[in-house]
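The values are calculated or read from the model by the stated rules, or taken from the named source; none is laboratory data. Only a predicted model underlies this, so the values are computations on that prediction, with no experimental measurement involved. Quick reminder, even Gly has a Cβ in these numbers, built from the backbone with ideal geometry, and neighbours come from all protein chains shown.
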Amino acid sequence: MNWYRVPYFGQTAEKRKYKIMQKLDAGEYPLFIYLIVLASTSVNQMEIVSPVEYERQQMRNGIEPLILGIAVGMDEAKALAGEIVADVYRLTGTADVKGYYLKLNE
């Protein structure tokens with residue numbers, strides 16, 4: 001899995017972050033876990049996907065999308081994606097999440 005060096009965690013995921021990351025790295029797919037990743041298309045900035053969908057994208061596209069955050073449940077994932085956009089906007093003055101994280105990850 002292609003982790004951002006300091007991934008974001010939702011409030012619930014924060015409590016179990018090491019256990020969740022270990023399971024994901026071992027190829028297990030915990031229920032109700034969602035990953036916030038950089039979108040593989042040029043139309044979107046980010047995507048919220050399950051670990052299974054992440055693996056499908058990897059197999060389909062031949063690349064591992066950059067994982068920006070982990071959340072438990074879709075509501076937490078949406079809130080976390082909003083937090084990521086807000087942080088990028090605060091740091092850069094734009095909402096170009098994809099451009100910002102691609103530059104940092106080089």
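Which ones in segment 12-49 are touching a helix residue (DSSP H, G or I) at 6+ places or on another chain (Cβ under 7 Å) and either of a type in the set (Lys, Arg) or more than 11 Å from Ile67 (Cα to Cα) (or both)?
Those that are touching a helix residue (DSSP H, G or I) at 6+ places or on another chain (Cβ under 7 Å) and either of a type in the set (Lys, Arg) or more than 11 Å from Ile67 (Cα to Cα) (or both): Thr12, Ala13, Ile20, Leu24, Tyr29, Pro30, Ile33, Ser40, Gln45.
Working carefully through the options Tyr89, Tyr54, Tyr100, Tyr29, find the one that is free of Cβ contacts under 8 Å to residues at least 12 places away in the same chain and of a type in the set (Ser, Thr, Tyr).
Tyr89 is the lone residue from the list that is free of Cβ contacts under 8 Å to residues at least 12 places away in the same chain and of a type in the set (Ser, Thr, Tyr).
Quick one: is Leu66 closer than 18 Å to Ile48 by Cβ and either in contact with a helix residue (DSSP H, G or I) (Cβ under 8 Å, 6 or more places away or on another chain) or surrounded by 13 or more Cβ atoms within 10 Å (Cβ to Cβ) (or both)?
yes
Report whether or not Val37 is at pLDDT 95 or above and in contact with a strand residue (DSSP E or B) (Cβ under 6 Å, 6 or more places away or on another chain).
yes
Return only the number of the condition from (1) out of contact with any Leu (no Cβ under 7 Å at 6 or more places or on another chain); (2) within 14 Å of Tyr101 (Cα to Cα) that Gly73 does not satisfy.
Result: Gly73 passes all but (2).
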